[in-house]
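The values are calculated or read from the model by the stated rules, or taken from the named source; none is laboratory data. Note that the structure is a prediction, hence the values are computed from the model and not measured. Positions of Cβ are generated from backbone atoms using ideal geometry, with glycine treated the same way; all protein chains shown enter the neighbour counts.
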Amino acid sequence: MANLLILSNGKGEDLSGALLALELKKKGHNVDAFPLVGNGNSYNNLGMKIYGFRREFSTSGFGYMSLYGRLTELFEGQLIYLLTSFIHFLHISKQYDIVICVGDLVPLLAAWLSGKKSVIYLVAYSSHYEGRLKLPWPAGFCLKSERFLEIYTRDQLTADDLSHQLKRSVIFLGNPFLDSVFSSNNLLPKKLFRLGLLPGSRRPELDRNLLMILRVLQCLPKHILLNLDISFDMALVDDLGNKDLFQLISNNDWLLSEGCMNSKLIVIEKGFCKIHIHRNAFDQVLQSSNVLLSMAGTASEQAVGLSKPVIQLPSQGPQFTTAFAEAQRRLLGPTVFCADNDGKTKNNIFVETADLIVEIFHRIIRNDSELRTLCARAASLRIGRQGGTTRIGKSINSFLIDL
């Protein structure tokens, strides 16, 4: 049995790290976690031992996307936080046999500085962005070190690209974050068409995103809104509690449907529009939807992995900005759509997004073979097949046999 430490830096990264931890625990290893960003809820849910200061920042790790964000990070002390986290990690890593990195340059650099044997799942980088991956300095130097026993990527194109660049083995075995979607077989009731609504998970951005989604749905044509075989279902995190939710929607003239509230489902309405809001049912909403209207990162990747079209609605950020959405389209391919990607005026973004929903709705109803083929191809090339957690776990375990 080996002592393993998972080092991750982001909410999606924590999710993948937790799934790998569970897989390695099944093989008899002791696995602890060190989330560099955020509170590490994915590890908490497994009852794992967690190191680190676990502080949330207003930029949610996305300050690099703008000058304002970078200045905000400096003002909030994120540089000092990161340095002290590094020192803490270097101290505790001494008691572990192998460090498992999930993320980007930050955990990579920390693991390299520790001098420990490591593996890394480079979930944050892909050659699909530009055709050839330009690793930030000094990532390439660190990855060439014999300290890194294996390098795992998020797609085959990146594995091939980095194998050539680094002159060493780089492999693609799948993405653990996709496996989490299959944790539940309890799907929502069957409908002719279901639009899944994903406003994100970080407040206060979540609040603004939710209101933007509501504005889009109000722009849908009456015959769509009144069709009882069409359903609008939102997956909402507990960070936005019912009290704050009701205050938010009531300020915008939305009402709670009488008798339509329980611990897991809330129904709100305005005019002809009715929305089902689900708690603790993200997987069910994602699997049961035909199309996703998304303002999220990892969730959009999971949707593409399930061969579902995604419609973006860029917001003010700090995460889901126009720049982030554009980068996401390059990463995930042609089945991610955005009404604002042709230079259209932002004043009409709600109407244009509603028109895009209607367009894709008709393609789904017609069983458009071109769209189905595109979705299947994007799932295969951009995300990979289910079972990445097991395959990566087996690969890591092969390095632990002789410890």
**Item:** Complete set of residues in the stretch 327-359 that are in a helix (DSSP H, G or I), modelled with pLDDT of 90 or more and in contact with an Asp or Glu (Cβ under 9 Å, 6 or more places away or on another chain)
**Value:** Q328, R330, L331, L332, I349, E352, T353
**Any hit, the stretch 360-369, residues being out of contact with any Gly (no Cβ under 8 Å at 6 or more places or on another chain), of a type in the set (S, T, Y) and modelled with pLDDT of 95 or more** = yes
**Those residues of the stretch 161-174 which are crowded, with 17+ Cβ neighbours inside 10 Å and either farther than 16 Å from F399 by Cβ or hydroxyl-bearing (S, T, Y) (or both), in sequence order** = D161, L162, Q165, L166, F172, G174
**Asked** Filtering the stretch 185-231 down to residues that are within 18 Å of the chain's Cα centre (by Cα) and in a loop (DSSP other than H, G, I, E, B), which residue is surrounded by the fewest Cβ atoms within 10 Å (Cβ to Cβ)?
**Response** P204
**Request:** Looking only at the stretch 258-280, decide whether some residue is of a type outside the set (K, R) and closer than 21 Å to P176 by Cα.
**Result:** yes
**Fill in**
Flagged pairs (Cβ under 8 angstrom, 6 or more apart or on separate chains; first in the stretch 42-55, surrounded by 15 or more Cβ atoms within 10 Å (Cβ to Cβ) and assigned to a loop (DSSP other than H, G, I, E, B); second modelled with pLDDT under 95 and aliphatic (A, V, I, L, M)) are G52/L36
**Prompt:** Is there a residue in the stretch 308-321 that is outside any helix (DSSP H, G or I), at pLDDT 95 or above and under 22 Å from S127 (Cβ atoms)?
**Reply:** yes
**Request:** Could you tell me whether L245 is assigned to a loop (DSSP other than H, G, I, E, B), hydrophobic (A, V, I, L, M, F, W, C) and either buried (at least 21 other Cβ atoms within 10 Å of the Cβ) or assigned by TED's automatic domain parsing to the domain that holds R194 (or both)?
**Result:** no
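Please go through the stretch 358-390 and pick out each residue that is basic (K, R) and surrounded by fewer than 18 Cβ atoms within 10 Å (Cβ to Cβ).
So in the stretch 358-390, the residues basic (K, R) come out as 363, 366, 372, 377, 382, 385.
Once the filter is applied, which keeps residues that are basic (K, R) and surrounded by fewer than 18 Cβ atoms within 10 Å (Cβ to Cβ), the stretch 358-390 yields R363, R366, R372, R377, R385.
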**Request:** Within the stretch 369-378, identify whether any single residue is under 27 Å from L236 (Cβ atoms) and among the acidic types (D, E), and answer yes or no.
**Result:** no
**Request:** Kindly provide the set of residues from the stretch 257-303 that are in contact with an Asp or Glu (Cβ under 8 Å, 6 or more places away or on another chain), at pLDDT 90 or above and among the hydroxyl-bearing types (S, T, Y), ordered by number.
**Result:** S288, S289
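Results for (1) farther than 25 Å from L192 by Cβ; (2) in contact with a Phe, Trp or Tyr (Cβ under 9 Å, 6 or more places away or on another chain), shown as yes or no for each residue.
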{"residue": "L286", "(1), (2)": "no, no"}
{"residue": "A299", "(1), (2)": "no, yes"}
{"residue": "A323", "(1), (2)": "yes, no"}
{"residue": "E326", "(1), (2)": "yes, no"}
**Message:** Just to check your reading of the model, which residue among L109, L105 is within 16 Å of L36 (Cβ to Cβ) and under 20 Å from the mean Cα position of the chain (by Cα)?
**Reply:** L105
**Asked** Going by the structure shown, is I224 touching a helix residue (DSSP H, G or I) at 6+ places or on another chain (Cβ under 8 Å), closer than 22 Å to V310 by Cα, in the same structural domain as N251 (by TED's automatic domain parsing) and modelled with pLDDT of 95 or more?
**Response** yes
**Asked** So which residues in the stretch 140-153 are within 20 Å of the chain's Cα centre (by Cα) and without any contact (Cβ under 8 Å) to a residue 40 or more places away in the chain, if there are any at all?
**Response** T153
**Item:** the stretch 112-139, residues that are farther than 29 Å from N3 by Cβ and more than 20 Å from the chain's Cα centre (by Cα)
**Value:** E130, G131, R132, L133, K134, L135, P136, W137
**Prompt:** Among the residues of the stretch 166-175, is any under 19 Å from I100 (Cβ atoms) and in a strand (DSSP E or B)?
**Reply:** yes
**Asked** Which condition number in (1) within 30 Å of F361 (Cβ to Cβ); (2) of a type in the set (V, I, T); (3) out of contact with any helix residue (DSSP H, G or I) (no Cβ under 6 Å at 6 or more places or on another chain) is the one that T158 fails?
**Response** (1)
